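Structure record follows, encoded as structure tokens.
The values are calculated or read from the model by the stated rules, or taken from the named source; none is laboratory data. Computed from a predicted model, the values in this text were never measured in an experiment. Note that each Cβ is placed from the backbone with ideal geometry, even for glycine, and that neighbours are counted across all protein chains shown. Protein only, heavy atoms only, side chains kept; ligands, DNA and RNA dropped before computing areas. Shrake-Rupley method; radii C 1.70, N 1.55, O 1.52, S 1.80 Å.
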Amino acid sequence: MRVVIEGELVTLDDASILGQGGEGRVYRLGARAVKIFHAISKEKAQKLEAFPRGLPRGVVAPIHLVRDPKSDAIVGYTMELVAGATDAMRLSSRRFRQGAIRNDVVCAILRRLHALVGQVHARDVIVGDLNDGNVVFTGTQPWLIDTDSMQLRGHLCTVAHERFLDPRLFGADLTRAPAFDAASDSYALAVMAFASLLYVHPYGGQHKTIPTMLRRAEASHSVLRSDVAYPRAATPFAVLTDDLLHHFSRTFDHGARSPISEALLSPRWTTCSCGIEHARVKCPVCATRAHVPGPVAAGVRVMRVFATKGRIVAAAVQGRVLAYAHVDDADVLRREDGIAIPVALSPTARVRIAGASTWIHDGGVAVQVVRGEIVLRAEAAAMGAGLAGVFLANGDWLTDATTTARVGQVLAGTTWLEVGDRFGVGFYRAGAITVGFVVRPGRGMLRVELPVIHGRLVDASVTFDGARALLGIATETGGHVSHALHVVQDDGEILARASGSPESRPLLASVFGKCMAGGAIVSATDDGLVLARPDLATGDLEETRTFPATRDFVAAGVDILAGPQGSVYLVQTGEILQLTI
């Protein structure tokens, strides 16, 4: 793509894409980022021309307009490139954060974000579409991005994220008149704080007669109420101070919209021996969290395989052997044999196990460690590692890390992949096209016909079972979250699939918490393990059996691995349990 920036003709190519969503794509251009819209209205162009200058640091605002070289029409803008930033939506993910980013760090980010939004309000600007996808952070510094949607004097904010939209504005026509105000921003910030500290939306959980999150928000009936089934994967709200709980209750159950104070976001956090962080004199939940049921409970045999005061960062059953890597209480990364791995992990690091090798991908670099020694270090935009091999995305190519041979073309900046015992599965996005692939040692890449990924890619996962894999993809478009599952064969054929909202069926509650064994899919839900099978005639995934006796041990999204003799391993932050029914 050729565009004009500050009077100069510039070429933007797909290899420099940083991200893309429903509105457009963002490219890297030297020390700047460039946002190009898929389509831009006259009103949006006028808004960009009128965007205020001198907004506070932390607001990634338009700097220069980007124009079409033929028509001279505005097609986008340049902005500051925030290097090494992490999406704020990660703060509400237990999988990403627990044991890696403490609550005091989260509160520091939230305090600074509240202060930043207050400074924006002082400039007569309302954020409007304030959500955890429009905020990133570096250290404890938050940054407001996608700022072209902000509500300015004379220019509307016409988009909203349904999980963060103030219920006062449900049904409002955002294109007719200014709808957002400081109170709606305060509501969105309260949602972000609640979800980041407890790993659940304020209107999450399940209610018998108010079935959806949106209807519960309309009714001001939060997850704090006793008649709402609290998600098992969430942190119990009793860990918060009474004052903070009172603020959340007033906001989500009684319609208050007062800003959350700095004092409320400055509690003294303590980490209990059970692993829970709390702001109380004593841990309110350590008795239940520390207890592991006896050898036989409720018809389920439970055995603790491993426990640590640190955190487990990777686990895999390779062949028939359980392998894992963990960070101990001295912050040292170790394998299951206790050998130390001389690599310091950041919260965004990905650790993968390939036999005796431990692979760490962080900051665009992949490192291989064998028996405590670093044996390889290579640049890589993406990495997949397993017994079938290790593959690195570099530039426009996927390469074999051992031989450095090219195995197929990809787009490094948008490529995701994982590798199992026999093959790997991945995909990349090129504009409006989604390209899926399987990769096998010595046999190159085969195309997988995946549906187009619309909007923002939230997360992805894969679990392998011989010649098959279950690929899960989570996306978000305009605040609507969708989960899709695809059973992929090693020849690239999709045998079955299912998709829908997380609330639509137990199998889709999360793209994580699944394993495959003998062609069946075992999924962890709040109601226990659920067994599903691909129906090759219809191409659907059918839930066939639920195991309610396992309810006390699992939660939606908890990592599970297929174990020996029909058992499963539950991989949690600080322990691995083996369940046999």
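The conditions of being acidic (Asp, Glu), closer than 27 Å to Met213 by Cβ and open to solvent by less than 20 Å² (accessible area, probe 1.4 Å) are not met by Asp146. Restricting attention to region 412-430, the residues that are surrounded by fewer than 23 Cβ atoms within 10 Å (Cβ to Cβ) and either assigned to a strand (DSSP E or B) or within 21 Å of the chain's Cα centre (by Cα) (or both) total 7. Of all the numbered requirements in (1) assigned to a loop (DSSP other than H, G, I, E, B); (2) surrounded by fewer than 19 Cβ atoms within 10 Å (Cβ to Cβ); (3) aliphatic (A, V, I, L, M), Val458 misses one, and that requirement is (1).
This table checks each residue for (1) free of Cβ contacts under 8 Å to residues at least 40 places away in the same chain; (2) hydroxyl-bearing (Ser, Thr, Tyr); (3) surrounded by fewer than 16 Cβ atoms within 10 Å (Cβ to Cβ).
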site	(1), (2), (3)
Gly133	no, no, no
Phe137	no, no, no
Ala160	no, no, no
Phe170	no, no, yes
Leu174	yes, no, no
Leu189	no, no, no
Phe194	no, no, no
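For Gly154, the conditions (1) surrounded by fewer than 19 Cβ atoms within 10 Å (Cβ to Cβ); (2) modelled with pLDDT of 95 or more; (3) more than 15 Å from Gly479 (Cβ to Cβ) all hold with the exception of (2). Taken together, the criteria place Arg443 among residues that are surrounded by fewer than 17 Cβ atoms within 10 Å (Cβ to Cβ) and more than 21 Å from Gly21 (Cα to Cα). What is the one condition in (1) closer than 29 Å to Thr241 by Cα; (2) open to solvent by less than 30 Å² (accessible area, probe 1.4 Å); (3) modelled with pLDDT under 90; (4) in contact with a Phe, Trp or Tyr (Cβ under 8 Å, 6 or more places away or on another chain) that Pro347 does not satisfy? Condition not satisfied by Pro347: (2). For region 64-73, indicate whether the set of residues that are closer than 21 Å to Gly413 by Cβ and open to solvent by 50 Å² or more (accessible area, probe 1.4 Å) is non-empty. For region 64-73, residues closer than 21 Å to Gly413 by Cβ and open to solvent by 50 Å² or more (accessible area, probe 1.4 Å): absent. Where strands (runs of 3 or more DSSP E) sit wholly within region 484-525, those with at least 1 residues that are buried (at least 18 other Cβ atoms within 10 Å of the Cβ) and touching a Cys at 6+ places or on another chain (Cβ under 7 Å) occupy 520-525. Residues satisfying the criterion are present in region 431-449 (criterion: β-branched (Val, Ile, Thr) and farther than 26 Å from Gly500 by Cβ). For region 95-137, a residue qualifies if it is more than 24 Å from Thr270 (Cα to Cα) and within 18 Å of the chain's Cα centre (by Cα), and the qualifying residues are Leu130, Asn131, Asp132, Gly133, Asn134, Val135, Val136. One residue stands out in region 358-408 among those that are in contact (Cβ under 8 Å) with a residue 60 or more places away in the chain and open to solvent by 10 Å² or more (accessible area, probe 1.4 Å): the one that is nearest to Asp421 (Cα to Cα), namely Leu387.
Confirm whether Arg53 is basic (Lys, Arg) and in contact with a Leu (Cβ under 9 Å, 6 or more places away or on another chain). Spelling it out, it is not the case that Arg53 is basic (Lys, Arg) and in contact with a Leu (Cβ under 9 Å, 6 or more places away or on another chain).
Return yes when Ala115 is at pLDDT 95 or above and open to solvent by 40 Å² or more (accessible area, probe 1.4 Å) and no when it is not. Yes: the conditions hold for Ala115.
Criterion applied to Gly76, Gly58 was being open to solvent by less than 10 Å² (accessible area, probe 1.4 Å) and touching a helix residue (DSSP H, G or I) at 6+ places or on another chain (Cβ under 7 Å), and the one residue passing it is Gly58. Considering region 208-225, and only residues there that are at pLDDT 95 or above and under 24 Å from Val558 (Cα atoms), the residue that is most open to solvent (accessible area, probe 1.4 Å) turns out to be Leu224. Mind checking which residues of region 176-187 are within 24 Å of His254 (Cα to Cα) and open to solvent by 10 Å² or more (accessible area, probe 1.4 Å)? Selection gives Ala179, Phe180, Asp181, Ala182, Ala183, Ser186. From the list Glu542, Glu449, the one residue that fits, being open to solvent by 40 Å² or more (accessible area, probe 1.4 Å), over 22 Å from the mean Cα position of the chain (by Cα) and in contact (Cβ under 8 Å) with a residue 24 or more places away in the chain, is Glu449.
I'd like the full set of residues that are in a strand (DSSP E or B) and either in contact with a Lys or Arg (Cβ under 7 Å, 6 or more places away or on another chain) or not small (Gly, Ala, Ser) (or both), limited to region 526-543. Those that are in a strand (DSSP E or B) and either in contact with a Lys or Arg (Cβ under 7 Å, 6 or more places away or on another chain) or not small (Gly, Ala, Ser) (or both): Gly528, Leu529, Val530, Leu531, Arg533, Pro534, Asp535, Asp540, Leu541, Glu542, Glu543. Scanning region 30-77 for residues being small (Gly, Ala, Ser) and touching a Phe, Trp or Tyr at 6+ places or on another chain (Cβ under 9 Å) gives a total of 4.
Inspect all residues belonging to region 226-243 and state whether any of them is touching a residue at least 60 places away in the same chain (Cβ under 8 Å) and in contact with a strand residue (DSSP E or B) (Cβ under 7 Å, 6 or more places away or on another chain). Looking for residues that are touching a residue at least 60 places away in the same chain (Cβ under 8 Å) and in contact with a strand residue (DSSP E or B) (Cβ under 7 Å, 6 or more places away or on another chain), one finds at least one in region 226-243, hence yes. Filtering region 34-47 down to residues that are part of a helix (DSSP H, G or I) and over 14 Å from Val125 (Cα atoms), which residue is most open to solvent (accessible area, probe 1.4 Å)? So the residue we want is Lys42.
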